[in-house]
1. What is the residue count in the stretch 271-285 for residues that are closer than 15 Å to ILE164 by Cβ and away from ligand 1 (no atom under 15 Å from the Cβ)?
2. Which pairs do you get when a residue that is closer than 20 Å to GLY177 by Cα, found in the stretch 225-240, comes within reach of a residue that is surrounded by fewer than 22 Cβ atoms within 10 Å (Cβ to Cβ) and modelled with pLDDT under 95, reach meaning Cβ atoms under 6 angstrom, with the pair 6+ apart or on two chains?
3. How many residues does the stretch 299-323 contain that are over 17 Å from LEU23 (Cβ atoms) and out of contact with any Gly (no Cβ under 8 Å at 6 or more places or on another chain)?
4. Mind checking whether some residue in the stretch 249-256 is in contact with a Pro (Cβ under 8 Å, 6 or more places away or on another chain) and surrounded by 13 or more Cβ atoms within 10 Å (Cβ to Cβ)?
5. Looking at ALA153, ALA165, can you tell me which residue is touching a residue at least 12 places away in the same chain (Cβ under 8 Å) and under 27 Å from PRO254 (Cα atoms)?
6. What's the total number of residues in the stretch 269-309 that are exposed (fewer than 14 other Cβ atoms within 10 Å of the Cβ) and aromatic (Phe, Trp, Tyr)?
7. Hey, any hits in the stretch 28-48 for a residue that's of a type in the set (Lys, Arg), closer than 21 Å to GLY123 by Cβ and more than 16 Å from ligand 2 (Cβ to nearest atom)?
8. Restricting to the stretch 233-286, name every residue that is within 30 Å of VAL15 (Cβ to Cβ), in a loop (DSSP other than H, G, I, E, B) and not hydrophobic (A, V, I, L, M, F, W, C).
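The values are calculated or read from the model by the stated rules, or taken from the named source; none is laboratory data. Here the structure is a predicted model, which means the values were calculated and not measured. As a convention, Cβ positions derive from the backbone with ideal geometry for all residues, glycine included, and neighbour counts pool all protein chains shown.
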Amino acid sequence: MTNRSIVLAARPVGVPKQSDFRLEEAPVSSPGAGECLVKVHYMSVDPYMRGRISGRKSYAAPVEIGQVMVGASVGQVIESNSDRIAVGDYVTGALGWREYAIASAEDLRVVDASAAPLSAYLGVLGMPGLTAYYGLLKVAGIESGETVCVSGAAGAVGSAVGQIARLHGCRAVGIAGGSDKCSLVTGEFGFDAAVDYKSDGFFKTLRAATPDGIDVYFDNVGGPVTDAVFQQLNVRSRVAICGQISQYNAVDAPVGPRLLWHFITKRIRAEGFLVFDFRKHDDESLAQMAAWVRDGKLKYRETVAEGIENAAAAFIGMLGGANIGKQVVKLAGD
Ligand code: NAP
Ligand code: FER
């Protein structure tokens, strides 16, 4: 059997290009003691990967040139040397951009393929869904009746943020790019309002959509969108700094947040967070998210690219807003 994988060919400058990635082929090898061989069905492409290929040191080591791209995948075990995981089990883990992956059973989580489509374990029932949950409930601390504003509202994290806020009795206002995404945010995702940051008069529309101001801002994007939101923040409001995607492809250091005087006069608290900080709560949190999905209270969308050869394009497209909901790459399965 041949294994195809995507390696980093060059460090991107600015917006990543197809030529920054290269497809490689090698025979599939056999799992060692305590390891499983997984046939990948879906691969995730995520914004954080832009940081991992930049060469910058962070919570994790960067991907080196020639190394296989990092990322979470979900698939089926086809060989197992573990007592805990059997052939046929569906699992998720950090398997990288490859069609077949060998991983220690300890690094794999078994998922229930009958409870949700496999791809959901990379989105609403995976890292992005948990990010929405923790950002709201552990970092911002939302209370019923508050107005919660989220940027990147039509994306994987953002679409869950507004719905979880509403499940807690909050008013949810989403910010997204384009009228189609905004219709989805108020329609299928049921937010109270959506504002298109690409339209003329964005700030005026945001003000109209938040007549009582904003109590919690879940920031996925930074930049000019966040500049606008800061002006609508209420006294004692909280900002959960989740992502700054508008800056990820920046070549020069961006201008810092300029509107921090609002934080003084309104005693605003802002806190950055990483989803991994809350890992010990994952089982309980995922059970809650799965129950909401099962009961139709938490909706999700996915944009599916097909084939590992299209993974880089899917990643580049997602950074530019081509996705609706969670961007995944389908490699196998029905
Ligand atoms: P996503 O929202 O599904 O996809 C990225 C979206 O970003 C695009 O669809 C695009 O939507 C938007 N975008 C791109 N450039 C933009 C710009 N210049 N200004 C405004 N919006 C822009 O991605 P995701 O996986 O849910 O991640 C969302 C954010 O959460 C990212 O910043 C990510 O880094 C962060 N995150 C953080 C953690 C953590 O632990 N802290 C974990 C997961 C994700 P539009 O079409 O609306 O522009
Ligand atoms: C993300 C953005 C940034 C993310 C993680 C980070 C898991 C962490 C970056 C760093 O430590 O440098 O979307 O998702």
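1. So the answer is 1.
2. Matching pairs, first to second residue: ASP227/LEU259; PHE230/LEU259; PHE230/HIS262.
3. Residues meeting the conditions: 6.
4. yes
5. Criteria check complete, one pass: ALA153.
6. Going through the stretch 269-309 one residue at a time, the tally reaches 1.
7. yes
8. Passing the criteria: GLY243, GLN244, TYR248, ASN249, ASP252, PRO254, GLY256, PRO257, ARG258.
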